[in-house]
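Notes follow once the structure below has been shown.
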Amino acid sequence: MTDTTPPARAAAPTVDRRTWVSLAVILLGVAMALLDTTIVNVALPTIRTSLDASEATLSWIISGYALAFGLALIPAGRVGDRFGHTWVFVVGLAGFTLASLWCGLADGPTSLVVARVVQGLFGGIFFPAVTALIQLMFPGPLRGRAFAVMGATIGFSTALGPIVGGLLIEWFGTGDGWRSIFFVNLPFGVIAVVAALALLPRIVAGGEARGVDGVGLVLLAGSLVAILVPLIQGQDAGWPVWTWVSLVGGVLLLAAFGAWEVAVDRGGRTPLVPPKLFAHGHFTGGVILALVYFAAFTSIFFTISILWQAGLGHTALESGLVSIPFAIGSIIGASQSDRLAARLGRTVLVAGTAMVAVGLVALWILLATVPATDLNHWMLLPPLLVAGLGSGMFIAPNAQFIVATVEPSSAGAASGVVGTAQRVGSAAGIAVVGSVLFGALTFPAGAPTPDVVAEVFTHAASLAMAVSAALAVVAFALVFALPRQVSRGH
């Protein structure tokens, strides 16, 4: 007699309540790190006045954070594999919180830039531990849910930054009110560190105890700094000989970094960036895409914040409110991106980058053609909403598609490279756009009237936005380097 009893269905994996609370703790750290990438934008004009900061200093406040964050990602992941990701998370978040205090107490431009670099460094230290802990704490389908919550947290906190910054400066005043955007991290940082020590599992991933490629890290950091310093300082300094020497030196150091990584790999050791990843043409194109896209995307509110406050005389809160359409679009786009990616494949990224390009080109046309005295936030609403929807659709799934171009065994290393490319792109974008924006600020002799100031800043902002729009168009072209579909196993 044949047994027709259907096989028992395997029980769905579950986790206890403590694990979900632990997820909330680590996502609090994520929110702090991502909020600080955008909250500072609306405070830049106030910082400029309060500390008598130069234009280059304003660029460094953003670029220094992003660059240090990106450079810390790969070695921090390696250290976490060796000593446990919980300890790396706690140390990184504690350092980030103390650096936030340092930022808020900074007594001059140099002190603030150094504090921001340290803050970015510690942010880059604890951020890889977040994804590693989610991998270790959540099984199967629940892991996907946890990463979806993480993606929503990233989108929401990034979009919320300018609004929170504007509100804080409105409440605490335009004098030293900018300090509040850093002090706000202190209570949340203390809560997250204490909760992490009490709740997070003491898990070591069990990976191979690999050392960090220190020489490679120094060469990479040196090359990027040598390239970024003249891009940021060159305009202020009048492009003297040293800026060109530094640019050439940075390129040579980058070539030396590539040669060193090949030598380390051939010697049987673990390179910082495995050269075999770039044997995949699609991966190389994807990394360039990440770099270019983030250079375009992160620079737009740098430009708008400077224009809206220093040029048009609006408050920090009004500047923050301008970003609401982009924030709403980004949240909506991100919430649908995973479902759309599963259904449409690469098409969701094509549509996303196309919408960002259209939105930024429209912004550029507005700034270039509308008289400065007629500009208002309602004009910016449609293009920012379109760009926000596209950005949300792109940012959440793009790393999956780039990582899918390499073997699954190399996915971890590829993810680290993509994350670093995104942060380096952010730093480079601010450096280039800031140089164009401030380089175009040419005022007539005498005391300019408010209308003249508005016209000069609007013209400069239109040129800066043209750079961001051009980068967005290039990103749209590069997206076709990615595979049409992504393996859900990556």
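Every number here is computed from the coordinates shown, using simple stated rules; none is lab data. Values in this document were obtained by computation on a predicted structure and should not be read as measured data. Backbone-built Cβ (ideal geometry, glycine too); neighbour counts: all protein chains shown.
For this structure, a couple of remarks:
- Each peptide among 147-153, 169-175, 94-100 gets the average number of other Cβ atoms lying within 10 Å of its residues, and from highest to lowest they stand as 94-100, 147-153, 169-175.
- Normalised Debye scattering of the range 213-264 at q = 0.23 Å⁻¹ gives log10 I(q)/I(0) of -0.74, counting only Cα atoms as equal scatterers and leaving out solvent.
- Relative contact order (percent, whole number), the chain, Cα cutoff 8 Å, 6+ residue spacing: 21 percent
- Karplus-derived 3J(HN,Hα), 6.51/-1.76/1.60, for each residue of the range 384-395, Hz, glycine and proline x: 5, 5, 4, 5, x, 4, x, 5, x, 5, 8, 5
- Cα gyration tensor of the range 277-324 - equivalent ellipsoid semi-axes, whole Å, descending: 36, 9, 5
- Estimated from the Cβ-Cβ distance and a Förster radius of 22 angstrom, the FRET efficiency linking Leu105 and Thr49 is about 0.75.
- For the chain, the mean projected area of the C-alpha convex hull, equal to one quarter of the hull surface, is 25.9 nm².
- Cα-based convex hull, the range 70-156, per residue volume (Å³, whole number): 98 Å³
- Degrees, to the nearest 10: 347-369 long Cα axis against longest axis of the chain: 10 degrees
- Mean Cα-pair separation over length for the range 273-490, i.e. relative contact order, pairs under 8 Å, 6 or more apart, %: 40 percent
- Base-10 log of normalised Debye intensity for the range 73-119 (one unit scatterer per alpha-carbon) at q = 0.21 Å⁻¹: -0.69
- Among Arg346, Arg18, the order by Cβ neighbours within 10 angstrom, fewest to most, reads Arg18, Arg346.
- Inter-part distance where the range 73-129 and the range 223-244 are each reduced to a Cα centre, Å: 26 Å
- Cα-based radius of gyration of the range 273-490 once divided by 2.2 N^0.38 Å, which approximates compact folds: 1.10
- In the chain, the longest principal axis of the Cα atoms and the axis of helix 140-172 are about 20 degrees apart.
- Taking the C-alpha atoms only, the angle from helix 55-83 to the longest principal axis of the chain is near 10 degrees.
- Fewest-first sequence of Thr315, Thr110 by Cβ atoms within 10 Å of each Cβ: Thr110, Thr315
- Span from the the range 322-360 Cα centroid across to the the range 293-318 one, whole angstrom: 21 Å
- Remark on the range 16-202: Rg and Dmax equal 16.6, 53 Å (Cα only).
- Descending semi-axes in Å of the range 235-312, equivalent ellipsoid built from Cα gyration tensor: 35, 21, 9
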